[in-house]
Amino acid sequence: MTSLTPRADEPADYDVLIVGGGPAGLSAALNLGRALARVLVIDADRPRNAATLRSHGFLTRDGIPPQELRRLARAELAAYPNVEVRSRTRVAALRPAAGGFAADIGRRETEATVTARTTLLATGLRETLPDVPNLRGYYGMSLFSCAACDAWELQGRRLALIGETADLADRARLIGRWTENLAVFTHGADSVTPDEEAALAAVGISVHRAPIAELVGDRGQLEAIRLADGTAVGVDGGFVRPEWDVTLAFLDGIIPATDDAGHLLTDRSGRTDVPGLYAAGDAAAPGPQQLIVAAGAGARVAAVIVHDSIGIATAH
């Protein structure tokens, strides 16, 4: 079997190490495997969409449970003997090494060190939800974070948007595309300016600034939001705006460029400013957070890695 051309004389266990086993990482692994690369995927099995019952917008798989999509992808990868997936495993440290990178991998304790000529970071994002009482009891069932993914199912209903970030008014305008009955809840945060509130009111969107006392509903179906001032607002579901960050603490002696929000900066082909280090999916500079977009990014970066390995220009 022909492998990717090494960048140095030192041998490596793998041609490509992929950190993250979501759509971006698994899509990259499939395409790299088909290019005869020796690939290792390390997946902690803690996806951000674990609470979501159904995923939408993925062509031919609209409405599929996220875990089922990952299961199908792994089953397809099993046909490629040059691709290895280690689940429930984490990368404790990734550092530069002769000819590429070395990674300490394991579960609770480091079990092994592997080397790879190139590394693809497809770790996705870690999200922090607003500190609202019992919010988790509704998240993924009647409260969601992605309008493009889930607003179709909620169209025309009484919806809530809960958040504390400065982009809340813009998100409200977006969600207003699917409903004429939208209420914004800032949970006591100063996240909507008076001018923004006036602009939202002009299109029928109300803003509630009092802290949220509790979410009211049954078996994951949201029915009302009760505020600390005693007000209760009836809703049928809605959206929450989490805060997101990229987990890069495992990088040891590797300092890739990031934007102000901590996302990895890449060129249009997925290369970071660290030679041999690539990024794909939600960990890279932000864009639409959809599974199909992440999968496409993984496939694109895989092609770039193959082309870079043999030193030819790429149009990707």
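The values are calculated or read from the model by the stated rules, or taken from the named source; none is laboratory data. No experiment lies behind these values; they were computed from the predicted model shown. Quick reminder, even Gly has a Cβ in these numbers, built from the backbone with ideal geometry, and neighbours come from all protein chains shown.
Among the residues making up the range 211-231, those that are over 22 Å from residue 157 (Cβ atoms) and surrounded by 15 or more Cβ atoms within 10 Å (Cβ to Cβ) are 211, 213.
Which of the numbered conditions does residue 149 fail, given that it passes all the others? Conditions: (1) farther than 17 Å from residue 65 by Cα; (2) touching a Gly at 6+ places or on another chain (Cβ under 7 Å); (3) of a type outside the set (Val, Ile, Thr). Among (1) farther than 17 Å from residue 65 by Cα; (2) touching a Gly at 6+ places or on another chain (Cβ under 7 Å); (3) of a type outside the set (Val, Ile, Thr), the lone unmet condition for residue 149 is (1).
Can you list the strands (runs of 3 or more DSSP E) found entirely within the range 124-225 that contain at least 3 residues being modelled with pLDDT of 95 or more? Before the answer, list the steps.
Details: elements: 126-128, 159-162, 182-185, 206-208, 212-218.
Because the criterion is at least 3 residues that are modelled with pLDDT of 95 or more, the strands (runs of 3 or more DSSP E) in the range 124-225 that meet it are 159-162, 182-185, 206-208, 212-218.
What about residue 171, is it touching a Lys or Arg at 6+ places or on another chain (Cβ under 8 Å) and assigned by TED's automatic domain parsing to the domain that holds residue 263?
no
For the range 88-118, how many residues are in a loop (DSSP other than H, G, I, E, B) and more than 25 Å from the chain's Cα centre (by Cα)? Before the answer, list the steps.
Initially, the range 88-118 is screened for residues in a loop (DSSP other than H, G, I, E, B), giving 88-89, 98-99, 107-109.
Still in the running and more than 25 Å from the chain's Cα centre (by Cα): 98-99, 109.
So the answer is 3.
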